[in-house]
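Peer 1: Structure below; questions to follow.
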Amino acid sequence: MVQSSATETGAHAGGVGGRPKLQVQGVHINFGGVKALQGVSLDLLDREILAIIGPNGAGKTTLINSVSGVYHPSPGRIVLDGENITYHSPARIAALGVARTFQNVALFKGMTVLENLLVGRHLHMRSGALASGLYWQLAQREEIRHRAVVERLIDFLEITHIRNALAGTLPYGLQKRVELGRALAMEPRVLLLDEPMAGMNMEEKEDMARFILDVNDEWGFPTILIEHDMGVVMDISNRVVVLDHGEKIAEGSPGHVRGDPLVISAYLGEEAAA
Amino acid sequence: MIYRECGIYRTSYAKDMALFPIPLDRWATYAIAAAAFLAVPLLASDYWIGGLIVPFLCFALAALGLNFLTGYAGQLSLGHAAFMGVGAYAALILYARYSAPLLLSLLGAGLVAAGVGVLFGTPSLRIKGFYLAVSTLAAQFIIEWVITHVKWIGGGVYATIDTPPLRIMNWWLIDTPVEKYYLTLAVVVALTVFGRNLVRSRVGRAWMAIRDRDVAAEIMGISLFRYKLLAFAVSSFYAGVAGGLISFTYYAAANVEEFNLFLSFRLLGMIIIGGMGSILGSYLGAGFIVLLPIFISQFLGGVGKVVGRLVTTDLLANVELMVFGGLIIFFLIVEPLGLARLWRTLKDYLRLWPFPY
């Protein structure tokens, strides 16, 4: 199956579809009196890049947090591949194959890039304290096998030159890329990217967009992408969901959403929409 | 140029992931091991071996244990001396009262301490930092109280169990300082290699991930519950073995007074001065703290002779405390990663020396 490449941007491409991998059904999240999400529903299809956009405070990150188990919706359901994961702990949801990045980079600063990515392999490894400590046969073979997997990712993301650098010492753009690598190392069933291009310059944004498209080409992880830059969203996503004040106000192809009067009023104000 | 990595090509991941990928490091380590096993017993006097080197190794082992917990997993403990105490009593109860084999008694000491450590580690699942420190402080007091008040453990208030002669398998009597030194060295080296492997593989990475960003660690699928408690277990295991070992080879008894709160602080001081999150740092810190009082008394003794006044022992003790406190403040401000970091800086410097590029 051929996936969308940068040239046929924004269009539905072959391979997207089938049964939804992730279903968000009528999710409500309240923080005291603040209604962060009010009955948001969406489906994430296989191999697609679904962008979630919306003004500040629309509830985009809250939605991702509730999928990855940081918050638990009530009422509402989150279903991954037919399994209800609404009330699972974050670690358990990760074990089921949900990987994510964070809006403010959350790398392990005191560890090298290599070690950061190897932490991403944690769930694919088995060695416990005894095997690790003896570092004999089993544990050593496992370490080497996963090292090879991680090295391929390092190659893919073009960060070979910094593999032994401490993550905390890297420039911001590279940290974002390492964080993407750490999520990819988990070989997820669903990938959640929380503003992977926030605070980047044009060049870095283009690099990151290229990586996201390449990842989609190579592995086809169904991806939810939160992004502010409308240009990027229009270019790389298959579908777009628009949130405003915790509610979904539009959904559809990038072209369709761009012309929606509700979306225009949410972004530009009432008069512009009229 | 003395210490160089140039021209050393690692052609497989196994070679790149070896403990000492650089030949010079490897040879240096062999040399230190040879010195420890051969030269020290030949050259050092019995006083040095029995009175300094053996306790140094035991404290280094305990500091290493604390380093797993604090330096690697990022959880503070102010009760580590108490875990050593648990190990000391467990070892002697097993060895003296139930005549278990020597090495099995040490293993048992570690396991009992690990169990107690996990028990007192459970608050770490709910609280962090300062509050966790206070709850481990409670462990120190509770354990001391239990040891002195439960008659079965040490027989009441003084709670002392004397160490009977040490024998391995009924034929090797461990009696002289050199023999005790070999016993201690063997245990400490084995556990150090084990610990070094632990921190460079899956478990160690999980600990460091929790230390650096616990939320992100959980999102990576690391169970905070399991790995925090594992850190307490391994850390207390090391403390317990160290406590048993030092009671066997140095104190010649298990005595609750030795494992007081001040020792907990000293252990913390060792890893702060030596280096958080560093195996080498645990040794450097322990060596520093063990040698410090001797250095100070020699120095002040010399000064006393010059100015013609006798230096009293209580003055020495107070100066030791002041220097200890001062050093901790100094390291926290100037070099939070301790002596191990200084050593590394020196190595980085020597890599290019004498050329400035």
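Peer 1: Of the conditions (1) touching a residue at least 24 places away in the same chain (Cβ under 8 Å); (2) part of a helix (DSSP H, G or I); (3) touching a strand residue (DSSP E or B) at 6+ places or on another chain (Cβ under 8 Å); (4) open to solvent by 10 Å² or more (accessible area, probe 1.4 Å), A:F221 clears all except one; give me its number.
Peer 2: All conditions are met except number (2).
Peer 1: Just give me the residues in the range B:202-229 being open to solvent by less than 10 Å² (accessible area, probe 1.4 Å), within 8 Å of chain A (Cβ to nearest Cβ) and touching a residue at least 12 places away in the same chain (Cβ under 8 Å), in sequence order.
Peer 2: Answer for the range B:202-229, where residues must be open to solvent by less than 10 Å² (accessible area, probe 1.4 Å), within 8 Å of chain A (Cβ to nearest Cβ) and touching a residue at least 12 places away in the same chain (Cβ under 8 Å): B:V203, B:G204, B:A206, B:A209, B:I222.
Peer 1: Which members of the range B:98-144 meet the condition of being in contact (Cβ under 8 Å) with a residue 24 or more places away in the chain and closer than 14 Å to B:L166 by Cα?
Peer 2: Across the range B:98-144, the qualifying residues are B:P101, B:L102, B:L103, B:S105, B:L106.
Conditions (1) over 18 Å from B:G204 (Cβ atoms); (2) touching a residue at least 40 places away in the same chain (Cβ under 8 Å); (3) assigned to a helix (DSSP H, G or I), marked per residue:
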| position | (1), (2), (3) |
| --- | --- |
| A:F108 | no, yes, no |
| A:G133 | no, no, yes |
| A:E142 | no, no, yes |
| A:I154 | yes, yes, yes |
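Peer 1: Within the range A:65-88, count every residue that is within 14 Å of chain B (Cβ to nearest Cβ) and farther than 28 Å from A:N104 by Cβ.
Peer 2: Result for the range A:65-88: 0.
Peer 1: Now for a different question. Considering A:E195, A:E203, which residue is surrounded by fewer than 16 Cβ atoms within 10 Å (Cβ to Cβ), among the acidic types (D, E), assigned by TED's automatic domain parsing to the domain that holds A:I53 and closer than 30 Å to A:K60 by Cβ?
Peer 2: Working: A:E195 fails: surrounded by fewer than 16 Cβ atoms within 10 Å (Cβ to Cβ).
Answer to the check: A:E203.
Peer 1: Any residue in the range A:51-62 that is closer than 14 Å to A:P254 by Cβ sitting within a Cβ distance under 9 Å of a residue that is open to solvent by 20 Å² or more (accessible area, probe 1.4 Å) and part of a loop (DSSP other than H, G, I, E, B)? List the pairs, counting only those 6 or more apart or interchain.
Peer 2: A:I53/A:H228
Peer 1: Residues that are closer than 18 Å to A:L225 by Cα and facing another protein chain (nearest Cβ under 10 Å): does the range A:125-143 have at least one? Break it down into steps so the answer makes sense when it comes.
Peer 2: Initial filter on the range A:125-143 (closer than 18 Å to A:L225 by Cα): none.
No, the range A:125-143 contains no residue that is closer than 18 Å to A:L225 by Cα and facing another protein chain (nearest Cβ under 10 Å).
For every residue, the table says whether it meets (1) within 30 Å of B:D16 (Cβ to Cβ); (2) part of a strand (DSSP E or B); (3) hydroxyl-bearing (S, T, Y); (4) assigned by TED's automatic domain parsing to the domain that holds A:A266.
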{"residue": "A:I52", "(1), (2), (3), (4)": "no, yes, no, yes"}
{"residue": "A:P55", "(1), (2), (3), (4)": "no, no, no, yes"}
{"residue": "A:H72", "(1), (2), (3), (4)": "no, no, no, yes"}
{"residue": "A:P75", "(1), (2), (3), (4)": "no, no, no, yes"}
{"residue": "A:I78", "(1), (2), (3), (4)": "no, yes, no, yes"}
{"residue": "A:I93", "(1), (2), (3), (4)": "no, no, no, yes"}
{"residue": "A:L114", "(1), (2), (3), (4)": "yes, no, no, no"}
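Peer 1: Here's something else I'd like to know. Just the residues that are open to solvent by less than 50 Å² (accessible area, probe 1.4 Å) and under 19 Å from B:A96 (Cβ atoms), please, taken from the range B:158-178. Don't jump to the end; show me each part of the working.
Peer 2: Step one: list which residues in the range B:158-178 are open to solvent by less than 50 Å² (accessible area, probe 1.4 Å), which gives B:159, B:161, B:163-164, B:166, B:168, B:174, B:177-178.
Across the range B:158-178, the qualifying residues are B:A159, B:I161, B:T163, B:P164, B:L166, B:I168, B:I174.
Peer 1: Return yes or no: is A:G173 outside any loop (DSSP other than H, G, I, E, B), farther than 22 Å from A:L45 by Cβ and touching a Lys or Arg at 6+ places or on another chain (Cβ under 7 Å)?
Peer 2: Values: outside any loop (DSSP other than H, G, I, E, B): yes; farther than 22 Å from A:L45 by Cβ: yes; touching a Lys or Arg at 6+ places or on another chain (Cβ under 7 Å): no.
For A:G173, the condition - outside any loop (DSSP other than H, G, I, E, B), farther than 22 Å from A:L45 by Cβ and touching a Lys or Arg at 6+ places or on another chain (Cβ under 7 Å) - is not met.
Peer 1: Okay, moving on. Could you list, in sequence order, all residues of the range A:97-124 that are open to solvent by 40 Å² or more (accessible area, probe 1.4 Å) and aliphatic (A, V, I, L, M)?
Peer 2: Pass one, the range A:97-124, residues open to solvent by 40 Å² or more (accessible area, probe 1.4 Å): A:103-104, A:109, A:115, A:123-124.
Result: A:L123, single match.
Peer 1: Can you confirm whether the range B:233-249 contains a residue that is surrounded by fewer than 24 Cβ atoms within 10 Å (Cβ to Cβ) and within 25 Å of A:R147 (Cβ to Cβ)?
Peer 2: For the range B:233-249, residues surrounded by fewer than 24 Cβ atoms within 10 Å (Cβ to Cβ) and within 25 Å of A:R147 (Cβ to Cβ): absent.
Peer 1: Considering (1) exposed (fewer than 13 other Cβ atoms within 10 Å of the Cβ); (2) touching a residue at least 12 places away in the same chain (Cβ under 8 Å); (3) of a type in the set (S, T, Y), say which one B:Y283 fails and leave the rest.
Peer 2: All conditions are met except number (1).
Peer 1: Can you tell me which of A:T112, A:T160 is more than 9 Å from chain B (Cβ to nearest Cβ) and in contact with a Leu (Cβ under 8 Å, 6 or more places away or on another chain)? I'd like the intermediate steps shown before the answer.
Peer 2: Numbers: A:T160 fails: in contact with a Leu (Cβ under 8 Å, 6 or more places away or on another chain).
Only one candidate qualifies: A:T112.
Peer 1: Sticking with this one: Among the residues of the range B:45-58, are any surrounded by fewer than 24 Cβ atoms within 10 Å (Cβ to Cβ) and touching a Gly at 6+ places or on another chain (Cβ under 7 Å)?
Peer 2: Yes - at least one qualifying residue is present in the range B:45-58.
Peer 1: Same structure again: Looking at B:R344, B:R266, B:R309, which is the one that is surrounded by fewer than 16 Cβ atoms within 10 Å (Cβ to Cβ) and within 30 Å of B:L19 (Cβ to Cβ)? Before the answer, list the steps.
Peer 2: Values: B:R266 fails: surrounded by fewer than 16 Cβ atoms within 10 Å (Cβ to Cβ); B:R309 fails: within 30 Å of B:L19 (Cβ to Cβ).
Among B:R344, B:R266, B:R309, only B:R344 is surrounded by fewer than 16 Cβ atoms within 10 Å (Cβ to Cβ) and within 30 Å of B:L19 (Cβ to Cβ).
Peer 1: Would you tally the residues in the range A:54-85 being surrounded by 23 or more Cβ atoms within 10 Å (Cβ to Cβ), over 13 Å from A:R100 (Cβ atoms) and under 17 Å from the mean Cα position of the chain (by Cα)?
Peer 2: The number of residues fulfilling the criteria is 3.
The values are calculated or read from the model by the stated rules, or taken from the named source; none is laboratory data. In this text the structure is predicted, and so the values were computed from the model without any measurement. Methodologically, a virtual Cβ is constructed for each residue, glycine included, from the backbone with ideal geometry; neighbour enumeration extends over all protein chains shown. The area values use the complete protein model at the heavy-atom level, side chains included, leaving out ligands, DNA and RNA. Shrake-Rupley method; radii C 1.70, N 1.55, O 1.52, S 1.80 Å.
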